Amino acid sequence: MDDQEVIDRINELASEEHELFEKESRGEASESDQERLRRLEVSLDQCWDLLHQRRALRNAGLDPNEAQVRDAGTVEGYVD
């Protein structure tokens, strides 16, 4: 997966997330919608992490294709 494919995936996930946020704000989100929203948040974090890894590897003169999707526990454990 190249950078543009990751960015396209991020945009797809963000669009779905936005739709679910709107549904939730109207009080129309089901339990499955809320669970999907939680999964989307993790997937988005994983995609952003992958994109950051790819860019860091490239900037270091290494192969960006060596970047790998990290598990949810890793990406959700990051602190700002």
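Given the structure, is Asp71 over 20 Å from Leu20 (Cα atoms), under 16 Å from the mean Cα position of the chain (by Cα) and surrounded by 14 or more Cβ atoms within 10 Å (Cβ to Cβ)? No: the conditions fail for Asp71. So which of Asp49, Asp33 is of a type in the set (Asp, Glu), within 23 Å of Tyr78 (Cα to Cα), open to solvent by less than 70 Å² (accessible area, probe 1.4 Å) and out of contact with any strand residue (DSSP E or B) (no Cβ under 9 Å at 6 or more places or on another chain)? Asp49 is the lone residue from the list that is of a type in the set (Asp, Glu), within 23 Å of Tyr78 (Cα to Cα), open to solvent by less than 70 Å² (accessible area, probe 1.4 Å) and out of contact with any strand residue (DSSP E or B) (no Cβ under 9 Å at 6 or more places or on another chain). Here the helices (runs of 4 or more DSSP H) wholly within segment 1-75 that include at least 2 residues being touching a residue at least 40 places away in the same chain (Cβ under 8 Å) are 3-25, 31-59.
The values are calculated or read from the model by the stated rules, or taken from the named source; none is laboratory data. Every value quoted in this text rests on a predicted model; they were computed, and no experiment measured them. For neighbour counting, all protein chains shown are included, and Cβ atoms are generated from backbone atoms with ideal geometry for every residue, glycine included. To get the accessible areas, we keep the full protein, side chains included, count just its heavy atoms, and leave off ligands, DNA and RNA. Shrake-Rupley method; radii C 1.70, N 1.55, O 1.52, S 1.80 Å.
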